[in-house]
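Enquirer: I'd like to ask you about the structure that follows.
Laboratory data are not the source of any read-out in this text; all were calculated from the coordinates shown. Computed from a prediction, not measured in an experiment: that's the story for all the values here. Here the Cβ positions follow ideal geometry from the backbone for every residue, glycine too, while neighbour counts run over all protein chains shown.
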Amino acid sequence: MLEVEGLVCRYGKVAAVQDLSITVARGELVSLIGTNGAGKTTTLKAISGILPPAAGRIVFEGEDITRASARRILQLGIAHCPEGRRVFPYMTVRENLEMGCFLRSDAAGISEDMDRLFARFPVLAERRDQAAGTLSGGEQQMLAISRALMSRPKLVLFDEPSLGLAPNIVERTFEIVKEIREQGVTVVMVEQNAFAALELSDRAYVLEQGRVTLSGTGRQLLDDPSVQQAYLGT
């Protein structure tokens, strides 16, 4: 479904990602793990069109999207749920959800999807006319996830979905990611909680200094002594 080949991304003269290659099959949940500065977020930004690659190739469902605009990439079915939630704080919950489907024109489908998300997250339904910036961190995360789903994506990129959340909300967030994957949506997830990410993942990649240094199934990486020592604290 997604192929990233020889990706190079730079911030000025600094290479954040170097010769990175990953593949994601339809229906998979694939995680990228690594320390801060390993290039995980940069990789997601390149896939979603936020950061133009310096070199390499990105192909989604057979179409080369390496130089495609973020708008075109969203049209093709890739949604990005960014680190730190990034809701529009002065817009209402409903308006934030509407921003997630601004490229759609099927009014009936949009209404159905919004009703479905309000049923899944009753707190958002209760606060649909409330400014998003007044929600709690967990509520904002639910909103950010819902906003991404309003585009009816084929692939969702999650960047640190559990960051800064209370433990009970972290558990619920991972449950939602799992539910999304079980509904047939492909997921690529960057997550500092390596143990939880690997437990959920079909496959995963370890990134160090902008390069893939290890890959395998989630189970294989959980059992790998080097991963246990570096990322699992065992």
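Enquirer: How many angstrom separate the Cα center of the stretch 31-52 from the Cα center of the stretch 79-101?
Expert: Result: 20 Å between the Cα centres.
Enquirer: Give the peptides 136-143, 82-89, 95-102, 219-226 in descending order of average Cβ contacts within 10 Å, highest first.
Expert: 136-143, 95-102, 82-89, 219-226
Enquirer: Can you compute the modelled spin-label distance between K178 and A166, with each label point 7 Å from Cα toward Cβ, in nm?
Expert: 2.1
Enquirer: For R211, which sequence-distant residues (separation of 5 or more, or a different chain) have an amide H within less than 5 Å of its own amide H, given hydrogens modelled in the peptide plane?
Expert: Q18
Enquirer: Oh, and also: So for the stretch 78-234, averaging the separation of alpha carbon pairs under 8 Å that are six or more residues apart and normalising by length, what relative contact order in percent results?
Expert: 24
Enquirer: Please give the charge dipole size of the chain, origin at the Cα centre, charges +1 on K and R Cβ atoms and -1 on D and E Cβ atoms. Round to the nearest 20 debye.
Expert: Value, rounded to 20: 600 debye.
Enquirer: Starting from 0.36 nm per residue, how many nanometres of slack lie between E63 and A119 once their C-alpha separation is accounted for?
Expert: Result: 16.7 nm gained on full extension.
Enquirer: When the Karplus curve 6.51 cos²θ - 1.76 cosθ + 1.60 is applied with θ = phi - 60°, which whole-Hz ³J(HN,Hα) does each residue of the stretch 122-136 get, with x for Gly and Pro?
Expert: Using θ = phi - 60°, the values come out as x, 5, 6, 5, 5, 10, 4, 9, 9, 4, 4, x, 8, 6, 6 Hz.
Enquirer: Right, next: List, in order, the whole-Hz ³J(HN,Hα) value for each residue of the stretch 14-24 obtained from phi through the Karplus relation with A = 6.51, B = -1.76, C = 1.60 and θ = phi - 60°; use x for Gly and Pro.
Expert: 8, 8, 8, 10, 9, 6, 8, 10, 9, 10, 9
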